[in-house]
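Let me begin by presenting the structure, written as structure tokens, before commenting on it.
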Amino acid sequence: MKRRDFMKGFVGAAVWPSFRREKRSRPLIGFLSSRSRGDSTRILTAFRQGLAEAGYIAGHDVSIEYRWAGGDYERLPALAADIVDRSPSVLIAAGGEPSALAAKAASDSIPIVFSVGGDPVRTGLVNSLNRPGGNMTGISLLATELEAKRLGAAARDGAPRESYRRSRG
């Protein structure tokens, strides 16, 4: 499954229950990113597609407030607080751990959906992968940790030794 397809389904599934409880005429989504709008074209396209597949069209069924740090991580806490002050139904934290950590610090009650490259347990975003706890949920690529496990399994199973023998003739 492609990451984009996963994100579309994940965002739609994560956002939908929150919208059902919403009392205002149009639910509000907060979108916080450590990047600039220009650097986020692909994630924005996938995000909007996920909403559309869940039956939500920006500006029609749902309002979205975007905040972009443009790579200036020091701005993230103020941007996150600004979104939280608007009482969104859900806050999307894109752009890695800095955005997710700023969102977590800004609210312990608004549902926050994040996407990070590292271990969300190690960074303090969630309590555990199978039971995140609190108001945080999201996806993690865990690329570094998984690659180390793959290399360890290959070494344990003898693959590097066999490859070495074949390459030496």
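Just so it is clear, none of the values below were taken in a lab; they were calculated from the coordinates. In this text, all values refer to a predicted model and were calculated from it rather than measured experimentally. Glycine gets a Cβ as well: all are built from the backbone with ideal geometry, and neighbour counts include every protein chain shown.
Counting only residues 5 or more places away or on other chains, whose amide H sits under 5 Å from the amide H of ILE139 once H atoms are built in the peptide plane?
The list, which skips near neighbours in sequence, is PHE114, SER115, VAL116.
How large is the convex hull of the Cα atoms of region 82-130 per residue, expressed in Å³ as a whole number?
Details: hull volume 3.8 nm³, N = 49.
Taking only Cα atoms, region 82-130 has a hull volume of 77 Å³ per residue.
Which distance in nm do the two modelled labels at SER36 and ARG48 give, with both placed 7 Å along the Cα-to-Cβ direction?
1.9
Hey, what do the phi angles of region 73-79 turn into as Karplus ³J(HN,Hα) couplings, whole Hz, using 6.51/-1.76/1.60 and θ = phi - 60°, x for Gly and Pro?
So the Karplus estimates, Gly and Pro as x, are 4, 5, 7, 4, x, 5, 5 Hz.
Using each residue's phi in region 57-70, evaluate 6.51 cos²θ - 1.76 cosθ + 1.60 at θ = phi - 60° and report the 3J(HN,Hα) Karplus result to the nearest Hz, with x for Gly and Pro.
Karplus values, whole Hz, x for Gly and Pro: 10, 4, x, 10, 9, 8, 9, 10, 9, 9, 9, 10, 8, x.
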